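The structure appears below as structure tokens.
The values are calculated or read from the model by the stated rules, or taken from the named source; none is laboratory data. Everything numeric in this text was worked out from a predicted model, so none of it was measured. Positions of Cβ are generated from backbone atoms using ideal geometry, with glycine treated the same way; all protein chains shown enter the neighbour counts. Side chains are part of the model used for accessible areas, which takes the heavy atoms of the whole protein and leaves out ligands, DNA and RNA. Shrake-Rupley method; radii C 1.70, N 1.55, O 1.52, S 1.80 Å.
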Amino acid sequence: MSATIAIVEDERAIAENYRDALRRSGYRVDLYSARIEAMEAFRQRLPDLAVIDVGLGSEVEGGFELCRELRAMAPSLPILFLTARDSELDIISGLRLGADDYLTKDISLPHMQARINALLRRVSVLRDQSDEGESLTQGKLELDISRLHCHWDGRVVDLTVTEFWIVHALAKRPGHVKSRSQLMEAARVVLDDNTITSHVKRIRKKFQALDNEFNAIGTAYGMGYRWQL
């Protein structure tokens with residue numbers, strides 16, 4: 001069965017352009033023009049991936065609020081921002097709220113589709129691995145690949161798909177430094193160095209919210225990050 005992509009975009013012509021391109025690639029696409037409309041639909045049935053604009057009608061930051069609500073509802077759902085707002089502050093805000101990727105509307109349709117394909121491939125890989133019941137334990141960390149669950153000292157850590165994959169890459173080989181490009185490859189997404197840094201900061205904060213002494217993700221300055229026991 002083909003994946004269902006939800007597009008939340010208040011400009012109808014743009015939304016339909018995205019929809020038509022994705023349908024030609026075999027995806028099912030649902031369109032929503034407002035945050036409330038989208039959330040009502042998501043409470044009934046979640047998509048396989050959500051593409052969200054930041055400004056939605058009269059809600060200048062409606063997309064950010066929708067991302068926050070959707071992430072609370074579905075911690076592992078792939079979320080991608082596609083917006084005209086390209087300031088560094090907006091990009092960081094979107095990633096901090098839990099988005100897996102942040103794209104601006106000046107990208108080409110093939111580029112947009114490639115990023116969507118990459119996000120969905122990661123989910124597919126994780127689901128394929130679930131048949132093997134793969135899990136990973138390092139000290140207080142427990143990763144359940146089959147359910148995309150992360151626990152620290154027995155408590156749930158709500159990670160996005162990108163965050164989960166980054167933690168998995170680090171914890172799989174404790175003590176080994178992973179460069180930002182290697183973490184990008186492990187997360188199966190194309191991001192710049194600053195975006196990887198933002199993801200790592202967000203991951204640390206999630207663990208520190210449960211354990212203020214958390215220091216398992218160490219920085220190798222000028223090189224990358226390592227998982228330290």
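If you filter the stretch 171-186 down to residues that are open to solvent by less than 50 Å² (accessible area, probe 1.4 Å) and under 17 Å from the mean Cα position of the chain (by Cα), you find that the one that is farthest from Met223 (Cα to Cα) is Ala186.
The numbered conditions (1) in a helix (DSSP H, G or I); (2) crowded, with 20+ Cβ neighbours inside 10 Å; (3) at pLDDT 90 or above are all true for Tyr225 except (1). The condition of being touching a residue at least 40 places away in the same chain (Cβ under 8 Å) and within 24 Å of Ile196 (Cβ to Cβ) holds for only one of Pro110, Pro75, that being Pro75. Within the stretch 108-125, identify whether any single residue is part of a strand (DSSP E or B) and open to solvent by less than 60 Å² (accessible area, probe 1.4 Å), and answer yes or no. Among the residues of the stretch 108-125, not one is part of a strand (DSSP E or B) and open to solvent by less than 60 Å² (accessible area, probe 1.4 Å), which makes the answer no. Can you find even one residue in the stretch 148-161 that is buried (at least 19 other Cβ atoms within 10 Å of the Cβ) and in a helix (DSSP H, G or I)? Yes - at least one qualifying residue is present in the stretch 148-161. A single entry from Glu132, Glu142 fulfils the requirement of being modelled with pLDDT under 80 and over 30 Å from Leu22 (Cβ atoms): Glu132. Screening the candidates Arg45, Arg19 for the property of being at pLDDT 95 or above, basic (Lys, Arg) and open to solvent by 40 Å² or more (accessible area, probe 1.4 Å) yields one hit, Arg19. Only one of the listed residues (Val161, Val200) is within 21 Å of Leu95 (Cβ to Cβ) and touching an Asp or Glu at 6+ places or on another chain (Cβ under 7 Å). That residue is Val161. Of the residues making up the stretch 91-102, those that are surrounded by fewer than 19 Cβ atoms within 10 Å (Cβ to Cβ) and more than 18 Å from Trp165 (Cβ to Cβ) number 1.
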